[in-house]
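Here's the structure, in C-alpha cells; my notes come after.
The values are calculated or read from the model by the stated rules, or taken from the named source; none is laboratory data. Remember, predicted model here, so these are calculated numbers, not experimental data. Please note: Cβ atoms are built from the backbone with ideal geometry, for glycine as well, and neighbour counts cover all protein chains shown. Only protein heavy atoms, including side chains, enter the accessible area calculation; ligands, DNA and RNA are left aside. Shrake-Rupley method; radii C 1.70, N 1.55, O 1.52, S 1.80 Å.
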Amino acid sequence: MSPARARALPSTVAVVYGAAAALTAWALAATFWTGVEEPGVALAFGALVTVGELARWGDGADEGTAAARECAPLGSAGALAYALLGRNAGHPTHHGVLQSVAVVLAAALVGAVPHVAAGRGPSLDRMARRVLTVAFAAACFQPLYNAGTLELWVGHGPYYALFLLLVLVLTALCDAVVAAALLRSRTSFPYGPLLRDELRALLGVGSAVCATGAVIALAVAVAGLWALPVFCVPLLLTQLAFRRYAAVRTTYRQTITSLARATEIAGYTQPGHARRVAVLSRAVGRELGLSESELTVLEYAALMHDIGQLSLVDPVPAGATALLPAAEQRRIALLGGAVVRQTGVPAEVAVIVERQADPYREQPLPARIVRAVNAYDDLAGPPGGPGSSLDALERLRLGTGRDYQPEVVESLARVLARGCLTLAAPG
C-alpha cells in the first residue's frame, strides 16, 4: 500500500471521531449551561437507553452479523425515539438537538459501566456512530417541529408518521455509510461490498430498531411516558433472544474450529494452518465482494478443508496437499467432503471442501479461494518459517492456467500487500 493511501485511510476514522467529539462537547456544554428541558421526559428516555445498554451483548462478536452491527437495539430505538419526540401526552416538548445528544450519550455511558468493568465495553466506533445518528435524526426533526413548520406541512395525522419513518430511513442510511467507511478505513476492503452488507443488515435488526423508535415516539406523544414500558418490552425480549442466538452461534463456530484442529493435533497439518487459511480466505472473499452469509460458509469450509487427511494411513509431509498429484488431492477432498457432511454444517460447506481440488474453471468461487489460499500457505509455510511469500505467490501465478483463478491470486496478493490482517482465531 502506498504511503499516500496509508495516510488517507485513517483520516476517515479521524473525521468521524472528531465530528462525534465536537458534537459531544457542544451538546454537554450547552445542556449544562441552559439546563435540562422537561427533566422527567429526559430521565425516562435516559433510563430506557441505559436499560438497553445494560442488556446488550458484546461488540464485534461475529463481524458482519446483527450482533456485531447492532448489539443494543433497545438502546438505539430509545435514542432515536427521544430524538424524534415532539409531544408528551399531547403537550409539546422543547428539548432540541443538543439535549437529545447529551441525554442519549450520558445514558449510554452509564449503561456501559458494567460492561467496561467486565472488560468488554462498547467500541469507540459504535459510540461515535450513536452520537452522529442521534444528532442527524434530531437535526432533521427538532428544528422543524419546534418552529411549527412540520405541523404546517404534515399536521399530526398519517403524514406525520410517514415523515418520522422517512427521517429514520435517512438516519439508517447515513449510519450504514459511516459504518462502511470506518470498516473500510481499518481493513482497506472495497467500500462497495462493505456498504452493501451494511444496507442488507438494515432489513433485519435495523428495520426493527427504526420501526420501534417511530412507534415509541408516536405512542408517547399520545399516551405519555406510560407508553414506554408497553412498547419496549417486546423489543427487550427480542434483544434477549438475539443474545442467546449470538451465544449459540459463537458456540457453533468454536465447535467447527475445534473440529478443524483435529488434523493439527493428529500431526497431519502444521499448527495454525487451518486458522491462517480461514482468515486469508475470508479476507480474499471480502475483497472479491462476497456477502456476509457467503463469507461465513467460506470460512467454515476453509477451517475444515484438510479434514479429509484424517482418512490417510500415512500423513502428507508437512500436510502440504498442494504438492500432491491432482488425483490424490481430489481423493482427499472427496474424503473431507464426506466427513463434513456428517458434522451438521450447511451442505454448501461440504461442496466447497469436495471441489477444492477441481480445475478452477469447474469450481464455485469459494472453492477457488480455498484452493488458492491453501496452496499459498502450503508453499509459504507459517510466519517466520523458511518459505517465502513472494515465491509462493509467483508459483500460484504460474499455475493460473489450470489450477488457480488469476483474479483470486491477485486478490490474495493485494490482501497480503496491505499487511492489515491479524491471524487470530476466526470469530
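Per-structure values
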read-out	value
Candidates 148, 192 - the one that is over 26 Å from residue 419 (Cα atoms) and either in contact with a strand residue (DSSP E or B) (Cβ under 7 Å, 6 or more places away or on another chain) or of a type in the set (Gly, Ala, Ser) (or both)	148
Tabulated pairs, segment 208-237, first in contact (Cβ under 8 Å) with a residue 24 or more places away in the chain and over 21 Å from residue 169 (Cα atoms), second in a helix (DSSP H, G or I) and among the small types (Gly, Ala, Ser), C-beta under 7 angstrom, 6+ apart or interchain	225/44; 228/44
Residue check, residue 269 under 20 Å from residue 348 (Cα atoms) and without any contact (Cβ under 8 Å) to a residue 60 or more places away in the chain	no
Flag if residue 376 is over 15 Å from residue 412 (Cβ atoms), of a type in the set (Phe, Trp, Tyr) and not in a loop (DSSP other than H, G, I, E, B)	no
Qualifying residue in segment 313-331 (condition: among the basic types (Lys, Arg), free of Cβ contacts under 8 Å to residues at least 24 places away in the same chain and not in a loop (DSSP other than H, G, I, E, B))	yes
Unmet requirement for residue 222, which otherwise passes all of (1) in contact with a helix residue (DSSP H, G or I) (Cβ under 6 Å, 6 or more places away or on another chain); (2) assigned to a helix (DSSP H, G or I); (3) at pLDDT 90 or above; (4) not small (Gly, Ala, Ser)	(1)
Members of segment 212-230 that are aliphatic (A, V, I, L, M), open to solvent by 50 Å² or more (accessible area, probe 1.4 Å) and within 31 Å of the chain's Cα centre (by Cα)	215, 218, 230
Scan of segment 269-295 for residues that are open to solvent by less than 30 Å² (accessible area, probe 1.4 Å) and more than 20 Å from residue 186 (Cα to Cα), ordered by number	269, 272, 273, 274, 277
Extreme residue, nearest to residue 262 (Cα to Cα), among residues of segment 296-349 that are acidic (Asp, Glu) and buried (at least 16 other Cβ atoms within 10 Å of the Cβ)	306
Residue check, residue 277 in a loop (DSSP other than H, G, I, E, B) and of a type in the set (A, V, I, L, M)	no
Those residues of segment 258-301 which are touching a Gly at 6+ places or on another chain (Cβ under 9 Å) and hydrophobic (A, V, I, L, M, F, W, C), in sequence order	295, 298
For residue 357: the one exception among (1) touching a residue at least 24 places away in the same chain (Cβ under 8 Å); (2) open to solvent by 30 Å² or more (accessible area, probe 1.4 Å); (3) not polar (S, T, N, Q)	(2)
Answer from 208, 214 - the residue that is under 14 Å from residue 85 (Cβ atoms) and among the aliphatic types (A, V, I, L, M)	214
Residue match in segment 388-397 (condition: open to solvent by less than 50 Å² (accessible area, probe 1.4 Å), in a loop (DSSP other than H, G, I, E, B) and either out of contact with any strand residue (DSSP E or B) (no Cβ under 6 Å at 6 or more places or on another chain) or at pLDDT below 90 (or both))	yes
Set 257, 238, 251: member being hydroxyl-bearing (Ser, Thr, Tyr), closer than 30 Å to residue 158 by Cα and open to solvent by 20 Å² or more (accessible area, probe 1.4 Å)	238
Test result for residue 423, out of contact with any Asp or Glu (no Cβ under 7 Å at 6 or more places or on another chain), modelled with pLDDT of 85 or more, open to solvent by 30 Å² or more (accessible area, probe 1.4 Å) and not polar (S, T, N, Q)	no
